[in-house]
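Chemist: This is the structure I have questions about; it appears just below.
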Amino acid sequence: MEAWRRQLNDPVSAFPVAKAGPAHIATLKTFDPPLSALEGRQFWGVERRGKRLFFPTGDGELVLLVHLMTAGRLKLLRAGEDGPKTPAFRLEFAGGSKLILTENARKKRAGVWLLTPEAAREEVAHLGPEALGLSADELGGILRRESRRLHPLLRDQRAIAGIGRAWANEILHAARLSPYALSTDLDDAEVERLTDAVNGELARGLELRERDAGDKRTYRVHNRLGEPCYVCGTPLARVDFEEHTIYYCPDCQTGGRVLKDRRLSRLLR
Ligand SMILES: [Zn+2]
């Protein structure tokens, strides 16, 4: 998301908005103020908190909020460049360039909100601290607050902002920690390792995204079932946990143990 922010910051603030919309009915989450209120106003840039992108107007009166969820993608089209016929959302700028949101999924989850600055602040009030830049002390405090499994805890935006399921996989693998390990069981050395992994992996991802690398080059563990672990060569494994698919190395992370799908074991008990 930070890579998106850097890419979009200059182009979206270069010209005022000429036309806001159309937006897919499932994508636009607010109707007051109407999207047309953006027309004639200029963004002053893009800010990010966790996985949300905020586009505040230069006059300080409105904030466009975009949340891509899993399948949403933003694309900037130059003047005259062709885009998809029915994007989930479109903004056209006075210079002719367009910002397009697409979502290649049956169920539309990505969202666009047009908010007042006060409402935008409320949206982020419940978010935890940014993952990138966390110190071992800060992360240690979050881990010890309550006993939770590491993978869902890392993804919980109220605890730590900015880590999705793919990066939770990459981070836990780099830290050589089991996705099911309990946060309160980590010793100081493990907290240190997890902190290094959070910062190292997110910085690596940012660098690759800025070079326009695709998922296949960016992720070394996520979505690579059966492929050899990049550290030890063991085939990577997969387990489902609370609607999420977790990828991990049974040798580097779980001491050879294969993790059980906990939903299934609950049903069969
Ligand atoms: Zn391994």
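Chemist: Roll a 1.4 Å probe over the protein heavy atoms and report the accessible area of R148 in Å², nearest 10.
Modeler: 60
Chemist: Accessible area per residue, 1.4 Å probe, Å², for the chain: what's the number?
Modeler: Normalised by residue count, the accessible surface of the chain is 51 Å².
Chemist: Quick one: Debye curve from the C-alpha atoms of segment 1-155, no solvent, what's log10 I(q)/I(0) at q = 0.09, 0.15 Å⁻¹?
Modeler: Reported log10 I(q)/I(0), two decimals: -0.32, -0.81.
Chemist: Lys and Arg at +1, Asp and Glu at -1: add these up for the other residues within a Cβ distance under 15 Å of P250 and post the number. Each step should come with its number before you reach the end.
Modeler: Numbers: positive: R176, R224, R238, R257, K260; negative: E227, D251, D261.
That works out to +2.
Chemist: Full-extension gain between K85 and R145, please, as 0.36 nm times their residue separation minus the C-alpha to C-alpha distance. Before the final figure, lay out the partial values.
Modeler: Values: separation 60, 0.36 × 60 = 21.60 nm, distance 4.80 nm.
Result: 16.8 nm gained on full extension.
Chemist: If you take the beta carbon distance between L208 and R78 as r and set R0 to 22 Å, what does 1/(1 + (r/R0)^6) give as a FRET efficiency, to the nearest 0.05?
Modeler: 0.40
Chemist: Could you look at segment 66-117 and say what percent of its accessible area is carbon and sulfur, using a 1.4 Å probe and all protein chains?
Modeler: Of the solvent-accessible surface of segment 66-117, carbon and sulfur hold 47 percent.
Chemist: Just to confirm my numbers, what's the Cα centroid distance between segment 57-94 and segment 208-244 in Å?
Modeler: About 29 Å separates the Cα centre of segment 57-94 from the one of segment 208-244.
Chemist: Let me ask something else. Of all the accessible heavy-atom surface of segment 146-269, with the other protein chains kept in place and a 1.4 Å probe, what percent is carbon and sulfur?
Modeler: Working: 2920 of 6290 Å².
Here carbon and sulfur together make up 46 percent of the probe-accessible area.
Chemist: Which is the longest run of the chain containing none of the GluC sites (Glu not before Pro) found in DSSP loop states (not H, G, I, E, B) with at most 13 other C-beta atoms within 10 Å?
Modeler: On the way: sites that count: E61, E81, E146, E242, E243.
Answer from the scan: 147-241.
Chemist: Another one. By how many nm would the segment from A37 to V258 lengthen if fully extended, with 0.36 nm per residue of separation less the alpha-carbon distance?
Modeler: 74.2 nm
Chemist: Treat each spin label as a single point 7 Å out from the Cα along the C-beta direction, and report the E122 to Q7 distance in nm.
Modeler: 3.3
Chemist: Related question: Cut-off under 22 Å on the C-alpha distance; same-chain residues fewer than 8 positions from K216 excluded. Which lysines are left, in chain and number order?
Modeler: Straight-distance partners of K216: K51, K75.
Chemist: Can I ask one more? Between A94 and F15, what is the label-point separation in nm under the 7 Å Cα-to-beta-carbon projection?
Modeler: Inter-label distance under the simple model: 1.0 nm.
The values are calculated or read from the model by the stated rules, or taken from the named source; none is laboratory data. If you're wondering where the values come from, they're calculated on a predicted model, not measured in any experiment. With ideal geometry, Cβ positions are generated from the backbone for all residues, glycine too; neighbour counts draw on all protein chains shown. Protein only, heavy atoms only, side chains kept; ligands, DNA and RNA dropped before computing areas. Shrake-Rupley method; radii C 1.70, N 1.55, O 1.52, S 1.80 Å.
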